[in-house]
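See structure below.
The values are calculated or read from the model by the stated rules, or taken from the named source; none is laboratory data. All of these numbers come straight from a predicted model, not from anything done at the bench. Glycine also receives a Cβ, built like all others from the backbone with ideal geometry; neighbour counts cover every protein chain displayed.
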Amino acid sequence: MKKMNRRKFLKGSGLVSVAGLGGLQLGFANSLVRGGSGGSGRDLLVYVFLNGGMDGLNMVPPRSGNDYVEYSTTLRPTLHIPNTESLPLNGQNAFGMHPSATGLASLFNSNKMAIVHATGLVVPNRSHFEATRFMELGSQSVTTLGTGWLTRYFNSSLHTPDDAVMPSIVPSYNNTDAVLGDPTALVMANPQEFSLSDGHWAWTDEMQDILGEIYTNPNTLEQLVGSQTLNASSIIQSIDWDNYVPGNNAQYPDGFLGQQLRTVAQLYKNDVNLEVAYVPTGGWDTHTGQGTGTTGQFADLTSELSAGLHALYQDLTASHNGRFTIIVQSEFGRRAYENSDNSTDHGYGNPMFVIGDHVNGGFYGQFPGLAPNQLYEGDDVEATVDFRDVVSEVLLKRQHNRFLGYIFPGYNDYTPLGLVNGVELNPVYEENYDPLFTGTFD
């Protein structure tokens with residue numbers, strides 16, 4: 001049977017569903033490969049999206065100077081994190097970390113995390129739905145896209161194997177527009193639910209054997225997709241999810257985020273060609289009950305996030321040192337000033353985090369200041385860094401994909417920040433550039 005090129009399939013197909021498998025949305029993987037590489041040869045990119053608008057001013061609070069005076073006295077007299085409580089960060093004293101973010105502070109102080117000040121959309125948008133949609137689609141100027149930015153990333157990748165088994169995963173119950181139109185994206189909240197769901201449980205093994213015989217030597221697209229879905233199901237079922245021992249004695253936090261990150265690590269270590277994990281996690285819309293210090297909703301979320309990211313780094317670096325990058329982002333920050341409920345409303349500029357062994361630790365970007373004349377519309381932290389600059393540097397240097405205009409339509413002014421080490425490829429900004437014709441393919 002003639003091998004079908006993955007990118008050609010993506011261009012010509014829609015989403016495919018296969019009846020009989022529960023708890024999943026799975027598309028296409030050309031053939032079953034159980035190699036020893038742990039991935040496709042690119043870094044694993046773990047993209048953690050904090051839905052709801054994370055409060056960057058309390059996650060990375062000012063500790064000194066005029067910004068601290070404005071923050072602690074004028075803007076947030078009740079809600080601020082005192083500089084006696086925020087965690088110190090090596091190399092500077094202008095900013096610290098929330099006292100519940102001990103894991104993140106440890107990564108920063110070990111030069112494994114970069115913090116990028118004041119990132120955001122080019123044009124501010126305080127709607128959760130709209131801001132998230134623009135970021136997931138990868139464009140604010142082209143709103144009729146039928147694909148997400150990660151779909152276009154894979155569609156333009158010259159390095160992702162055509163026979164990749166599970167190149168991308170969204171470990172969640174809900175899908176994301178970042179993988180809109182990508183039939184290869186696996187949406188799986190609980191891997192132990194990834195199994196045959198039709199028919200009596202006593203006949204599961206027999207059904208799987210029969211389906212295996214039916215899908216032997218597939219000669220139609222439907223049979224091919226069914227075959228690879230069954231193969232993927234078999235791989236998932238073969239993994240011992242309950243008795244996993246994380247590397248470096250890493251301790252994932254209890255709760256769904258810890259489960260999500262642990263699932264990513266287990267899949268990556270089981271050599272399924274995992275290249276991108278998009279991890280959405282919510283609860284960051286703190287209009288009320290935000291709390292300060294180590295108590296309240298924000299402290300609880302921060303503690304879970306910090307512990308989870310620290311555990312994921314420790315776990316992966318034990319066996320895949322230098323072969324993964326973690327990006328952490330939210331759709332926007334919060335207002336600079338506290339509201340009447342001693343909490344915060346929707347804002348604009350916000351820090352992003354980049355974590356990994358090839359990350360150049362430290363602060364990047366320009367913090368615009370918190371004086372009244374420095375705030376956007378007198379309310380919000382101004383955004384001084386296009387979030388796509390942060391993502392693009394990782395895509396270019398670590399994922400080896402330079403088709404930025406195709407991935408992010410309307411984007412043509414990539415500005416490297418020096419966040420990560422790697423080969424600096426020349427970006428291609430052509431939106432209609434067809435990566436299918438950049439080299440040979442089957």
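Only one residue in ILE235, ILE169 is in a strand (DSSP E or B) and either modelled with pLDDT of 60 or more or not hydrophobic (A, V, I, L, M, F, W, C) (or both). Which one?
Values: ILE235 fails: in a strand (DSSP E or B).
On inspection, the qualifying residue turns out to be ILE169.
State all residues of the stretch 414-433 that are exposed (fewer than 15 other Cβ atoms within 10 Å of the Cβ) and small (Gly, Ala, Ser); if no residue qualifies, say none.
Hit for the stretch 414-433 is GLY418, nothing else.
Just the residues that are in contact with a Ser or Thr (Cβ under 8 Å, 6 or more places away or on another chain) and surrounded by fewer than 23 Cβ atoms within 10 Å (Cβ to Cβ), please, taken from the stretch 309-334.
GLN329
Restricting attention to the stretch 376-413, and to residues there that are more than 29 Å from ASP43 (Cα to Cα) and touching a strand residue (DSSP E or B) at 6+ places or on another chain (Cβ under 9 Å), which single residue is surrounded by the fewest Cβ atoms within 10 Å (Cβ to Cβ)? I'd like the intermediate steps shown before the answer.
Here is the first cut: in the stretch 376-413, the ones more than 29 Å from ASP43 (Cα to Cα) are 376-382.
Still in the running and touching a strand residue (DSSP E or B) at 6+ places or on another chain (Cβ under 9 Å): 379-382.
On the way: ASP379: 15, ASP380: 25, VAL381: 27, GLU382: 19.
Top of the filtered list is ASP379.
Can you tell me how many residues in the stretch 384-407 are in contact with a Ser or Thr (Cβ under 6 Å, 6 or more places away or on another chain) and not in a helix (DSSP H, G or I)?
So the count comes out to 4.
Do we find that PHE9 is under 30 Å from LYS397 (Cβ atoms), at pLDDT 50 or above and in contact with a Pro (Cβ under 9 Å, 6 or more places away or on another chain) in this structure?
no
Taking only pairs six or more apart or across chains, which ones have beta-carbon atoms under 6 Å, a first residue in the stretch 260-281 that is over 12 Å from LEU186 (Cα atoms) and of a type in the set (D, E, K, R), and a second residue that is surrounded by fewer than 24 Cβ atoms within 10 Å (Cβ to Cβ) and modelled with pLDDT of 95 or more?
Listed pairs, sorted by first residue: ARG262/TYR252.
Among the helices (runs of 4 or more DSSP H) lying completely within the stretch 96-164, list those that include at least 1 residues that are surrounded by fewer than 20 Cβ atoms within 10 Å (Cβ to Cβ) and either in contact (Cβ under 8 Å) with a residue 40 or more places away in the chain or of a type in the set (A, V, I, L, M) (or both). Full working, then the answer.
Numbers: elements: 102-109, 128-137, 149-156.
Output list reads 102-109, 128-137.
Can you tell me which residues in the stretch 344-357 are surrounded by fewer than 23 Cβ atoms within 10 Å (Cβ to Cβ) and under 14 Å from PHE298 (Cβ atoms)?
Matches in the stretch 344-357: ASP345 only.
Working only within the stretch 73-85, note down all residues that are surrounded by fewer than 24 Cβ atoms within 10 Å (Cβ to Cβ) and either more than 19 Å from ASP345 (Cβ to Cβ) or hydrophobic (A, V, I, L, M, F, W, C) (or both).
THR73, LEU75, PRO82, ASN83, THR84, GLU85
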